[in-house]
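Only one structure is covered here, and it is reproduced in the block below.
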Amino acid sequence: MESEMTTIHVQLLGEGTPAWCPVRALHLSDSMFELLGPQPEHEDWQFKPGQVVECQVQAFSGGDSGLVAMRALPPNNSFKGKPLRGSP
């Protein structure tokens, strides 16, 4: 199965109130995504491009919902028996 590109949301840090940024990501499997860049210089993302994150659907204050990055996988972890991109 070939990975699909999609948009997920990553929390912006230092905003005072919860704020989310749409970020392009590669869907690896189930709820796992690899964040793609580039990250704009003026934005401080909770997770960085190249990290693999686990996402879940979350409702936003405006009533919309979307996939939100909740936690990062360790960098040298493997996913479903296959090394993640960039892992030895």
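Bear in mind these aren't lab numbers, they're just calculated from the coordinates by the rules spelled out. Predicted, not measured: the structure shown is a model, and the values here were computed from it. Positions of Cβ are backbone-derived with ideal geometry, glycine not excepted, and every protein chain shown enters the neighbour counts.
Of all DSSP beta bridges in the stretch 4-74, what percent run antiparallel (nearest 5)? Of all bridge pairs located within the stretch 4-74, approximately 95 percent are antiparallel. Ordering 63-72, 18-27 by mean Cβ neighbour count within 10 Å, with the highest value first, yields 18-27, 63-72.
Taking only the Cα atoms of the stretch 4-74, the radius of gyration and Dmax are 11.5, 33 Å. At full extension, K48 and A19 could sit 8.9 nm farther apart than now, given 0.36 nm per residue minus the alpha carbon distance. Site pair L73 and Q11 shows an inter-label distance of 2.1 nm when each label is modelled 7 Å from Cα along Cα→Cβ. A DSSP coil position with no more than 15 other Cβ atoms inside 10 Å describes the following GluC sites (Glu not before Pro) in the stretch 1-52: E2, E15, E41, E43. For D44, the residues whose amide H sits under 5 Å from its own are L13, ignoring neighbours fewer than 5 places away on the same chain, with H placed 1.01 Å from N. Phi angles across the stretch 62-71 convert, under the Karplus curve 6.51 cos²θ - 1.76 cosθ + 1.60 with θ = phi - 60°, into 3J(HN,Hα) values of x, x, 6, 9, x, 6, 10, 5, 9, 7 Hz, Gly and Pro given as x.
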